[in-house]
Structure formats: structure tokens, C-alpha cells
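What follows is a single structure, written as C-alpha cells, with notes after it.
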Amino acid sequence: MKLYTSVSYTVLIAIFLGILFNSCKKEEEEPQEEFDKNTMAANMSANIIVPSINEFDNNLSQLESNLMAFKADVSQQNLDLLRNSWKQAYITWQTVKIFDFGPIRNIGMKGAIATYPIDTTDIQNNISSGSYSLSTAANLDAIGLPALDYLLYRKGALDSLQNNPNCVNYVEDVINKMLSESNTVKSEWSSYQSTFNESTGTSSTSAFSYFINEFNRDFELAKTAKVGIPLGKQSLDVPLPEYIEARYSGISLELLEASLIALRKVYNGDSFSGSTVGIGLDDYLVHLERSTLDNTIDSSFGEMISKVQTFNTTFEEALDTNISGLNELYLLLQSHVVYIKTDMTSAFGVLITYQDNDGD
Amino acid sequence: MTATKSLKSIISRALFKRVSIAPLIIFRIIFGALLLYGSVRFVSKGWVKSLYIDPEFYFGYLGFEWVHTLPGNWMYLPFILMIISSLLIVFGLGYRVAAFTFFLSFTYVELLDKSNYLNHYYFVSLMSFLLIFLPANRDFSLDVLLKPSIKQKTTAAWTIGILKFQLAVVYIFAGLAKINYDWLVRAEPLKTWLHAHHTRPLVGDILRNEVTAYVFSWFGCIYDLFIVFFLMMRKTRMLAYLAVIIFHITTWLLFPIGVFPWVMIFSTLIFFSEGFHQKILFRLKKMFGSKEKKNSRVIKHKKQLLPKGLKTGLITTYVLIQLLVPMRYILYPGHLYWNEEGFRFSWRVMLMHKEGHAVFYMKDRKTGRTSEINNANYLTRTQEDQMATQPDMILQYASYLAEQFDGKTLHYGEQKFKIENPAIHAEIYVSLNGRPSKLFVDKRHDLTQKKYNLYHRNWIEPYHDK
């Protein structure tokens, strides 16, 4: 019985201490505004995700009608219009591709729209044979926006499009495939949106966990695929220009900038159109009393974006003329990964494990 | 002389006193059923494929690196064996062979890859090991039905005591591990984990409240430390068991800890009285229509296989190992959570939230050029996450990478590189329990030059709070 009483006392004292400790601590704290992951998710989906998907769909429709205009009147001027709408779609895609979960993941849209480097031999073969199925895995590197980069910007592009009907048809098929995908995603998001807004738990299968994981993955991909690999970071410092995104148009650095801006908007909860500021990951961090981390991430985004803007050449030219600039850019990108993947994720308590876990 | 003699006789009496076998029989059925459920669940989740077929590389345990996976779908074999043997344990058919088979196949799988290490898997290994030596089939079993002469009404006290001891070890060491600054003063990692549940209906606001994290942390610590004592005392038992149920169901609702809560809820029934178990056993027998012959002469236990002295020695050895292994961390300098030296097999459950980012570099010694490694080419997501914060796995991965590149000729553009005996460096940042991340491994170390052994690893950056 003695043990029992002493244990009871220990329990009581412990609870008392716990409460005491808390009440002391509480007084020092500033009253904080209520934060809610559901509200943040609702802001993300209503003001960033869905608008960007709709915009991407519009861009592709525009691209398609520009192609029709080009077909009706083949001219350099109409090719330029076609190129412009292609570029606009590619820029919008930098936002859409962050959300590689739910409807986008279900149809493998990320791979279908923007796998690079492309295989020009596959594209050539498809065009000359005139019969192909664009949805096969083998054709992943012969479709999407990167394939159009090649078909619209390669040397003698106008000539081929003018004289080879198979070539124009191929462009049309590639565009139509993307259009049908963006249509699917657009309509599926209208029903998925409420799931996304509500599924904010911590399990690895919650939409919120997917969202955080994909946010991190998309940034890492920007770091590795857009900069690291072409810069030679995975090839003993031998630059690999054939791995540059959108190499034929030379807009790789613009795409990187658009990608970073898109990620920053998502982080800050700013609307896709850029007109309003909403609840984002930054507010979540501030709510968790991690404003120092929020400031670090915010200024790091700023640094990266202004660094990209210092380049006035294409990525490929920079490989020859400004490799140190690219290396500096890469370092900035690399330290940012640690902020978001390690510090931010651990603050959110998102579990990345897919198995059982007893937290060790 | 007399003192030691009397101590000896006290121990001997405590270990070999005859007690009702009912608790052991009930335990066999319940635990067997849990093993069955756990095995079926594991297979049905598709984890055999994702954890033991898909990966290219496995993080073996020091001294057990010779344990390898079976080719392809043969990996389902140990799981099929687990399912069959756990069924046999439940029914008590070919019991000892079944227990041994289960222990072997389960432990084999656990030894394959430490990225899947969980304390509760270790617990299952130990319990199924113990089951091999316990006469848990000597009543209400198909073995008895086939060979009635093996039936026993009583068993030596140690056969039940050892199970209680094992559970006590789990709880008490888990409780002791919670007596630390982060857990009690910062209420981490619970504060972070609970807060993330703030969108749950009804309880969300309670979970987000800081007070809740402190209450949970303190209650969890006290619970772990003392629950076994309360379970052992008749007066407090019912209340304590209610606490067991509430505690483990709460953890089950909040954290993805799989079958562990159920294992604990059901295993702790062993602390209930003989009478309680006899009643259940009686009802079970009635349900299955097995006739208990009144006055059926139960054969007095026959000649024991092993002399009592040897048994006492073996039991003592097991007990000592269980007490010493979780304490081995004392032998290492530095911060336990940071260095993770002596961390596993110590019942440190839900104690920390570590998040890391590891970039590995392969350096060609001839040209001095380096390549960054894309970890996803070699590791699964789980493996990469686990590896990034655990020093022994970092070393294992580094030596695997060196092996992968050694002797390879790499072509990049027009250039060719013949790699021989490459150096592997890593730059790793880790965040512990919500603190800002800090450098964990510096790029200056060539990890291929570091030995993988049990000595203290001085290449881990020292831990500084703040």
C-alpha cells in the first residue's frame, strides 16, 4: 500500500508541476491569431491550385487555336504567335506541376506534360511513320511541352511545319493529348477540391501530407533537373547541355524563375493571379512560433529569384560564359532545400513514412 | 554461506513454484491471434513488396549482414510461414515447432533492413522467442487432444513470470527514457505531433493546446514508469487496465503505430489473476465442448529436460541481457538522440522527431572531381528518410555507394572517367524535435575511411543546443 500512496503522490505532484509550468509559460506568450490548416488548404485550392489548372487549360486552348490559325495561314508571324502561347502554357505549368497528387497524380500528368530531355529520334520516327500512340511509356520523351519546344524552335522549324503535313499533325496530336489531360484534371479537381480542403491530417495518405511532400519534391526537382544536372553536378562537373530544359527555345532560366515564383506564391498563400494575399505555409510557421524560419525561407526565395534574374543569357550560354554564376545559384537552391524539407516539414509534424512508425 | 544458500532457495522457489497454467494458455491464444493479425495485415498492405522486394539495397545489422533477402516473390515465403505458424500457435498444434518457426521467420525478416526497425517488432521477436520455451500448449490445445498425456494443470512460475518481466521491461524502460529535457520540459515531440491534429473535429482545439502536450507527456511518462506495479496489485488492477486501454487507444487514434497498441492491450492481460484466466479458459472449453473429466489424473510433471540450476542460469542470463542492453547508451559520450549510439533495442518509443537532408558526393580521387548522388536511384523513400538521420546507416550507404562506382567507367559528353576506389563524402543537416536544423555530418570526412563498428563515431558533428 505504501508504494501505492507514494505513486499517487508522484502523479499528483507531476500534474501539479505540469499545470504550474504551463501557467507560467502562458503568461509570457502573445495571444496568437487562430490558424487553421483547413482554411489554408481552402485558400490554396480556391486561389492557387484551381485557378492555375484553369489557366493552364485556357493556355492550351489558346495554343490549339493558334495552331489552327497557323495551319490556315502558315507564316513566321503565326508561328511566333504559336510559340508565344506555348511559352505561356509552359510558364503556367510551373505552378500546376507543384500539385502532383490527387487528380494530377492519378493520370500521370506531370510526366506526360513535361518530361525532358526529349528523344528527338523518337519524335522524328513518329513523324515520318505517321502512326503512333502518344500515350505509351516509350513515347513519354516524345510528347508534351518539351516536344513542342523542339518542333517549334529547332532549326528550320517553319520549313518542316510548312512542308511536312505529318509534322503539323504531330504537333496537333501532342497539343490535343495535353488538352484532354488538362480537361480531365480540371473536372476532377472540382470534386477533389473538398477532399483536399478537409484532408489535413498528419498521416502519410492525407492530402495535406501529399501537398507538403510534393511542394518539397517540386523544389528539389527544380534544383536538380533545371540546374544541377545540366550544370554537371551529377556528372563529375562535366556540363551536360543536352539536359537543359527547353533547350531549343532557350527559356530554361525563365522557367526556373517562374517555378521559384510559383513556389513562393504557394508558400505565402498568394493568389495565382497575384492580386490577393491569403493564408499560406508562412502563416502556419508563424502560428507555430517559427517566424525566424519563415523569415529565412522568405528571404531565401527572394535571393534565389533575384539571382536567376541576374542572368541575361540562356542557360546554355551561361554554361560557357558564367559557370560561376550558375554555381552560386545552385548553392542558393541547395541551402533552401534544407530550410523547407528539414526545418519546415519537421515543424509541421507531417509524417513521410508510409509504414507503421513508433517514432524512433 | 547460508545467506547465499537461502537466496538461492528463494530464487529457486520463486522460479519453480507451481502455479496455474491458465494464464499461459490464454496468452498463447491471444498472442498467437495477434501475430496472425499482424502478419496478414503486413502482407495485405503490400509491404512485402515495397519493403523487401523492391529495394536495391538493404541496411543490415552489424554482425548480421550475411542475412539476405530471398529472390523476388520468394520473400512471401517467410510471411506465409508466419501466418501458418501463428495459426498453429493459436490452436496449439505442433506448438513448439510453430513457435520456433514463427520466431525464425519473423526475426529473419526483421534482420534484413534496419530502416524498418520498430521497437514493437523487436518486442514480437523477443516474445516469440520466449514462447518457444514455454509449455503454453499443455492445455486446451490440439497437441493435448492428440496426446492427452502432455496435459498440465500447473506450470513453473517462471514461465508466466518471464512474460510479465518482459512487459515490465518494455514499459519501465520506455518510462525512464521519457525522463529527459525535451519530453518533460518542452513537451516535444508530442507538442508538434499533437498540434498537427488541430483540424480534427471536436478534439482539434484541445490537441492544439499546449497544456495538452504537457499533460500527455507527463501522463505518458508516469504511466510507463508505474503501470506495471498497478497492474500487479489486485486492488488497482482494474483501474490500471482501464488506463492501459485508454492510453493505447489514444495512441492508436493519433499515431500510425499499427498493431502495437493492440499487442499491449492484450498482452497486459497476463497480469490478471489465475482465477480470471481459469474462468476464461473454462468458458472457452465449454464453448468448444471439450470435456473436462472430473478428477482426471493429471500426470505429475515428468523428468525435466534441463536441471533446475541450468534453467535458473539461463533465465538469469536472459533477464540480465534485457536489463543491460537498454542501458548500453551510458557507454557512449555525447547526445543520445543526436548520435543514436545505443538507441535501438532500448524501448525508446515516440521519443523524437528527427528530420534530415543528406547530400552524398562521390569523389574521383584521380581528377578530384565530384558527383552529387541522387539518393532516389539507390534507396526507397523510407530508407532515405531513415538513413539521413542515423549515423550507422549513413556509413553503410556510403560504403555501398563506393562499391557501386568502384571500377566503373563513366562517360559524360566526350569525357571518360575510370573510377577506382572513390571517396564518398556527405553533407547532412538534421533537425531534432523541432529545433532549427544543424550540420550533422560535415563534407570534409571521407566516409569510406570510417569503420562501421560499435565504437563512438567522432565524425558526427557535436550537438549544440541553441
For the stretch A:123-166, which residues satisfy the criterion of being among the polar types (S, T, N, Q), assigned to a helix (DSSP H, G or I) and free of Cβ contacts under 8 Å to residues at least 24 places away in the same chain?
-> A:Gln124, A:Asn125, A:Ser129, A:Asn139, A:Ser160, A:Asn163
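Answer yes or no: is there a residue in the stretch A:197-207 that is in contact with a Leu (Cβ under 7 Å, 6 or more places away or on another chain), buried (at least 17 other Cβ atoms within 10 Å of the Cβ) and outside any helix (DSSP H, G or I). Reasoning before the result, please.
From the stretch A:197-207, those in contact with a Leu (Cβ under 7 Å, 6 or more places away or on another chain) are A:202-204; that's our starting set.
Going one step further and asking which of them are buried (at least 17 other Cβ atoms within 10 Å of the Cβ), we end up with A:202, A:204.
Then drop every residue that is not outside any helix (DSSP H, G or I), which leaves A:202, A:204.
Taking every residue of the stretch A:197-207 in turn, at least one turns out to be in contact with a Leu (Cβ under 7 Å, 6 or more places away or on another chain), buried (at least 17 other Cβ atoms within 10 Å of the Cβ) and outside any helix (DSSP H, G or I).
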Do you know which of the residues in the stretch B:202-238 that are assigned to a loop (DSSP other than H, G, I, E, B) and more than 10 Å from chain A (Cβ to nearest Cβ) is nearest to the chain's Cα centre (by Cα)?
-> B:Val203
Subset of the stretch A:268-292 [open to solvent by less than 30 Å² (accessible area, probe 1.4 Å) and touching a residue at least 40 places away in the same chain (Cβ under 8 Å)] | A:Gly269, A:Ser271, A:Gly278, A:Gly280, A:Leu281, A:Tyr284, A:Leu285, A:His287
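Being in contact with a Gly (Cβ under 8 Å, 6 or more places away or on another chain) and not hydroxyl-bearing (Ser, Thr, Tyr) narrows it down to one residue among B:Pro422, B:Pro462; which is it? It would help to see each step written out before you state the result.
Numbers: B:Pro422 fails: in contact with a Gly (Cβ under 8 Å, 6 or more places away or on another chain).
One residue alone meets the criteria, B:Pro462.
The rows are residues; the columns are (1) in contact with a Lys or Arg (Cβ under 9 Å, 6 or more places away or on another chain); (2) more than 11 Å from chain B (Cβ to nearest Cβ); (3) at positive phi; (4) not polar (S, T, N, Q).
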{"residue": "A:Gly269", "(1), (2), (3), (4)": "no, yes, yes, yes"}
{"residue": "A:Ser275", "(1), (2), (3), (4)": "no, yes, no, no"}
{"residue": "A:Leu285", "(1), (2), (3), (4)": "no, yes, no, yes"}
{"residue": "A:Asn295", "(1), (2), (3), (4)": "no, yes, no, no"}
{"residue": "A:Phe301", "(1), (2), (3), (4)": "yes, yes, no, yes"}
{"residue": "A:Phe311", "(1), (2), (3), (4)": "no, yes, no, yes"}
{"residue": "A:Glu317", "(1), (2), (3), (4)": "no, yes, no, yes"}
{"residue": "A:Ser335", "(1), (2), (3), (4)": "no, no, no, no"}
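Residue under question is B:Thr370, and the condition is that it be hydroxyl-bearing (Ser, Thr, Tyr), within 30 Å of the chain's Cα centre (by Cα) and within 10 Å of chain A (Cβ to nearest Cβ); does it hold?
no
Going by the structure shown, is A:Leu67 assigned to a helix (DSSP H, G or I), touching a residue at least 24 places away in the same chain (Cβ under 8 Å) and buried (at least 17 other Cβ atoms within 10 Å of the Cβ)? Give the steps one after another, and end with the answer.
Details: assigned to a helix (DSSP H, G or I): yes; touching a residue at least 24 places away in the same chain (Cβ under 8 Å): yes; buried (at least 17 other Cβ atoms within 10 Å of the Cβ): yes.
Yes, satisfied.
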Which of the residues spanning the stretch B:252-271 are in contact (Cβ under 8 Å) with a residue 40 or more places away in the chain, away from every other protein chain (no Cβ under 14 Å) and out of contact with any Leu (no Cβ under 8 Å at 6 or more places or on another chain)?
-> B:Leu269
B:Leu410 meets each of (1) within 11 Å of chain A (Cβ to nearest Cβ); (2) assigned to a loop (DSSP other than H, G, I, E, B); (3) more than 29 Å from the chain's Cα centre (by Cα) with one exception, condition (2)
Filter the stretch B:193-229 down to the residues that are more than 18 Å from B:Arg348 (Cα to Cα) and of a type in the set (Val, Ile, Thr), then identify the one that is least open to solvent (accessible area, probe 1.4 Å).
-> B:Thr212
Check A:Pro117 against each of (1) open to solvent by 40 Å² or more (accessible area, probe 1.4 Å); (2) in contact with a helix residue (DSSP H, G or I) (Cβ under 6 Å, 6 or more places away or on another chain); (3) more than 14 Å from every other protein chain (Cβ to nearest Cβ) and name the one condition it does not meet.
-> (3)
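Return yes or no: is A:Ala69 at pLDDT 90 or above, within 14 Å of chain B (Cβ to nearest Cβ) and more than 30 Å from B:Ile222 (Cβ to Cβ)? Walk me through how you get there before you give the answer.
On the way: at pLDDT 90 or above: yes; within 14 Å of chain B (Cβ to nearest Cβ): no; more than 30 Å from B:Ile222 (Cβ to Cβ): yes.
In short, no.
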Restricting the stretch A:243-261 to residues that are crowded, with 20+ Cβ neighbours inside 10 Å and over 19 Å from the mean Cα position of the chain (by Cα), which is nearest to the other protein chains (Cβ to nearest Cβ)?
-> A:Arg247
Unmet criterion (only one of (1) part of a strand (DSSP E or B); (2) surrounded by 17 or more Cβ atoms within 10 Å (Cβ to Cβ)) for B:Lys416 = (2)
Output for the stretch B:178-187, where each listed residue is touching a residue at least 12 places away in the same chain (Cβ under 8 Å), surrounded by fewer than 21 Cβ atoms within 10 Å (Cβ to Cβ) and either part of a helix (DSSP H, G or I) or touching a helix residue (DSSP H, G or I) at 6+ places or on another chain (Cβ under 7 Å) (or both) = B:Ile179, B:Leu184
Identity of the residue in the stretch B:1-41, at pLDDT below 95, hydrophobic (A, V, I, L, M, F, W, C) and in a helix (DSSP H, G or I), that ends up surrounded by the fewest Cβ atoms within 10 Å (Cβ to Cβ) | B:Ala3
Being under 18 Å from A:Gly325 (Cβ atoms) and open to solvent by 30 Å² or more (accessible area, probe 1.4 Å) is the filter; apply it to the stretch A:225-242 and report the residue that is nearest to the chain's Cα centre (by Cα).
-> A:Ile229
(1) charged (D, E, K, R); (2) free of Cβ contacts under 8 Å to residues at least 24 places away in the same chain; (3) within 12 Å of another protein chain (Cβ to nearest Cβ): which one isn't true of B:Lys279, the others all being true?
-> (3)
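Among the candidates B:Tyr378, B:Tyr397, single out the residue that is within 31 Å of the chain's Cα centre (by Cα), within 30 Å of B:Val325 (Cα to Cα) and away from chain A (no Cβ under 11 Å).
Only one candidate passes the filter, namely B:Tyr397.
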Residue under evaluation B:Leu202, criteria (1) in contact (Cβ under 8 Å) with a residue 60 or more places away in the chain; (2) on the phi > 0 side of the Ramachandran plot, criterion not met = (1)
In the stretch B:324-348, what residues are of a type in the set (Ser, Thr, Tyr) and under 24 Å from B:Lys438 (Cα atoms)?
-> B:Tyr329, B:Tyr332, B:Tyr337
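The values are calculated or read from the model by the stated rules, or taken from the named source; none is laboratory data. As the structure is a prediction and not an experimental result, all values here were calculated from the model. Cβ atoms come from the backbone with ideal geometry, glycine included; neighbour counts cover every protein chain shown. Side chains are part of the model used for accessible areas, which takes the heavy atoms of the whole protein and leaves out ligands, DNA and RNA. Shrake-Rupley method; radii C 1.70, N 1.55, O 1.52, S 1.80 Å.
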